[in-house]
1. Which numbered condition in (1) open to solvent by 50 Å² or more (accessible area, probe 1.4 Å); (2) within 16 Å of ligand 1 (Cβ to nearest atom) is the only one that ASP123 fails?
2. Assess whether LEU118 counts as being more than 16 Å from ligand 1 (Cβ to nearest atom), modelled with pLDDT of 95 or more, under 16 Å from ILE16 (Cβ atoms) and surrounded by 17 or more Cβ atoms within 10 Å (Cβ to Cβ).
3. Within the stretch 94-113, work out how many residues are of a type outside the set (D, E, K, R) and within 16 Å of ligand 1 (Cβ to nearest atom).
4. Identify the single condition in (1) more than 16 Å from ligand 2 (Cβ to nearest atom); (2) assigned to a helix (DSSP H, G or I) that ILE152 does not satisfy, given that it satisfies every other one.
5. Determine whether GLY82 is at pLDDT 95 or above, among the small types (Gly, Ala, Ser) and in contact with a Phe, Trp or Tyr (Cβ under 9 Å, 6 or more places away or on another chain).
6. Do any residues in the stretch 6-34 that are acidic (Asp, Glu) have Cβ atoms under 6 Å from those of residues that are part of a loop (DSSP other than H, G, I, E, B) and open to solvent by 40 Å² or more (accessible area, probe 1.4 Å), where the two are at least six apart or on different chains, and which pairs are they?
7. Within the stretch 46-55, identify whether any single residue is farther than 19 Å from GLN119 by Cα and more than 14 Å from ligand 1 (Cβ to nearest atom), and answer yes or no.
8. For the structure I just gave you, tell me whether LEU86 is within 16 Å of ligand 1 (Cβ to nearest atom) and either of a type outside the set (Lys, Arg) or free of Cβ contacts under 8 Å to residues at least 24 places away in the same chain (or both).
Amino acid sequence: MSVTRPAAFLDRDGTINEDAGYIDRLERLVLFPFAIDAIRLLRRAGYLVVVVTNQAGVAKGLYSEAFVDETRRFLEEQCARGDTQLDGHYYCPHSPDADVPEYRRECDCRKPMPGMALQAARDLNIDLSRSVVVGDRWRDIAVARHVGARAILVRTGYGATEELHPPPGVAPDAVCNNLIDAVVWLLDHPVTDAAARH
Ligand SMILES: [Mg+2]
Ligand SMILES: [Zn+2]
């Protein structure tokens, strides 16, 4: 029997960094000032921190997978400077209407599909029932509902607009102003075994 750990699955654009449309240059990846502190606090609270991000810009030919890898390294560098780290980084480069043929597909990783969280759970031995997804779009919340994790909608990025238009059947556990507020909420609402959903 192996020990499983909870994870905080963090959306990237609009959650960790300002949403600047398709981020195709490193200069456009502007981290929220609290982002690294939030990641460090999550890890100290026992969560693995895993970035899960749709990057359809790859499918649209706006930037390459190598560039997405560059953004991952940038995030990791910023984490290291803040005395923390990422435990995983997953992205979906696909789109059903991709301009680049090799990325044109109905995949199971593009949020709201749960493929990235499921893959991370296998790779990192994650207990999904004690995990949480934090994001600024309803499709982030849908991932949590698919995998039986908790879900927090943040009002940064598209979140404030998304909050006004909740889709049927996809309710978050909390709506918070931003990622650091979401961390505070999590620390204040620990998962008990009885509260674990599955
Ligand atoms: Mg987002
Ligand atoms: Zn995909």
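The values are calculated or read from the model by the stated rules, or taken from the named source; none is laboratory data. These figures come from a predicted structure and were not determined experimentally. So basically every Cβ, Gly included, is an ideal-geometry build from the backbone, and we count neighbours across all protein chains shown. Only protein heavy atoms, including side chains, enter the accessible area calculation; ligands, DNA and RNA are left aside. Shrake-Rupley method; radii C 1.70, N 1.55, O 1.52, S 1.80 Å.
1. (2)
2. no
3. Pass one, the stretch 94-113, residues of a type outside the set (D, E, K, R): 94-96, 98, 100-101, 103, 107, 109, 112-113.
Those left that are additionally within 16 Å of ligand 1 (Cβ to nearest atom): 95, 109, 112-113.
Selection size over the stretch 94-113: 4.
4. Exception for ILE152: condition (2).
5. On the way: at pLDDT 95 or above: yes; among the small types (Gly, Ala, Ser): yes; in contact with a Phe, Trp or Tyr (Cβ under 9 Å, 6 or more places away or on another chain): no.
The answer is no for GLY82.
6. Partner pairs satisfying both residue conditions: ASP13/ASP19; GLU18/VAL30; ASP19/GLY157; ASP24/LEU62.
7. Yes - at least one qualifying residue is present in the stretch 46-55.
8. In short, no.
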